[in-house]
1. Those residues that are within 14 Å of the ligand (Cβ to nearest atom) and in a strand (DSSP E or B), I need them from segment 102-121; list them, please.
2. Across segment 152-163, which residue is nearest to Asn63 (Cα to Cα) among those that are within 11 Å of the ligand (Cβ to nearest atom) and either not hydrophobic (A, V, I, L, M, F, W, C) or not in a loop (DSSP other than H, G, I, E, B) (or both)?
3. Would you point out the residue of segment 12-70, among those that are among the β-branched types (Val, Ile, Thr) and either more than 10 Å from the ligand (Cβ to nearest atom) or in a loop (DSSP other than H, G, I, E, B) (or both), that is nearest to Cys130 (Cα to Cα)?
4. Confirm whether Ala141 is surrounded by 14 or more Cβ atoms within 10 Å (Cβ to Cβ) and touching an Asp or Glu at 6+ places or on another chain (Cβ under 8 Å).
5. Of the conditions (1) surrounded by fewer than 18 Cβ atoms within 10 Å (Cβ to Cβ); (2) of a type in the set (S, T, N, Q); (3) touching a Ser or Thr at 6+ places or on another chain (Cβ under 7 Å), Thr105 clears all except one; give me its number.
6. Between residues in segment 27-44 that are at pLDDT 95 or above and residues that are away from the ligand (no atom under 14 Å from the Cβ) and part of a strand (DSSP E or B), which pairs lie under 8 Å by C-beta distance while being six or more apart or on different chains?
7. Among the residues of segment 126-146, which ones are in a strand (DSSP E or B) and within 9 Å of the ligand (Cβ to nearest atom)?
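The values are calculated or read from the model by the stated rules, or taken from the named source; none is laboratory data. As the structure is a computational prediction, the values presented were derived from the model and not from experiment. Because the Cβ atoms are built from the backbone with ideal geometry, glycine has one as well, and the counts that use them run over all protein chains shown.
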Amino acid sequence: MTIFAIDDTDKAPFAGILPAAPKPFVLGNGEGEKSLVFDQLFTILLSADETEDQFGAFTMQGNRGDRIPAHTHLKTHEIFYVVDGEITVWMDDTADYHSKTTLTTGDFAYVPAGTVHAFQIHNSSKVFGCGTAGFERFFHAMGQKSDLTEPAGIYVPDFEVMRAAGEKYATVFQPDFQFRD
Ligand SMILES: O=C(Oc1cc(O)cc(O)c1C(=O)O)c1ccc(O)c(O)c1
């Protein structure tokens, strides 16, 4: 279980958007805790606070862009489900599995903790993600709070902010990793 302080700076600015307790709720299209990270708009739909530290859920919307560099989540299992669009996902478990797959609408990828991965958006895309509880606010840690409904503009976090977010959320960036594909 991941325990963060109650005044966690990654969630405090979003207080009141989600119930922060395991109660039923609904969100309309575009609602949730929203952050711009680089040119991608993340919307947190569900966090560890609503699921008793079991899982979190979010969407990522983005337009064609550069590859998000290789990185590994040491403790987080995550998924990519393409709601709309086209992305390529690279995965390498540094043992017997490696792949480079282009996912289009309806396709799915599972990235277990410890798997080196990267992805690139080809067309305007919306991706649904779900992961180990707590990880969802990694995107708030790196990004800037937003009221956008579609991705627009760019927010580039300072390297030190990215490094600190990586440390807090057990994520290692490996920009020099060579995928086998
Ligand atoms: O976009 C996703 O993840 C990331 C985006 C970034 O700009 C930097 C990152 O380090 C990541 C990351 O995965 O760590 C993303 C999108 C959709 C989805 O289902 C995911 O599981 C991750």
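1. Leu103, Phe108, Ala109, Tyr110, Val111, Val116, His117, Ala118, Phe119, Gln120, Ile121
2. Ranking the candidates gives Tyr155 first.
3. Among those that are among the β-branched types (Val, Ile, Thr) and either more than 10 Å from the ligand (Cβ to nearest atom) or in a loop (DSSP other than H, G, I, E, B) (or both), it is Ile44.
4. yes
5. Status for Thr105: all satisfied but (3).
6. Lys34/Lys145; Ser35/Lys145; Thr43/Glu33; Ile44/Glu33
7. Hits for segment 126-146 are Val127, Phe128, Gly129, Cys130, Gly131.
Let's see how each residue does on (1) in contact with a Phe, Trp or Tyr (Cβ under 7 Å, 6 or more places away or on another chain); (2) within 19 Å of Arg180 (Cα to Cα):
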{"position": "Thr88", "(1), (2)": "yes, yes"}
{"position": "Asp96", "(1), (2)": "no, yes"}
{"position": "Thr102", "(1), (2)": "no, yes"}
{"position": "Cys130", "(1), (2)": "yes, no"}
{"position": "Leu148", "(1), (2)": "no, no"}
{"position": "Phe159", "(1), (2)": "no, no"}
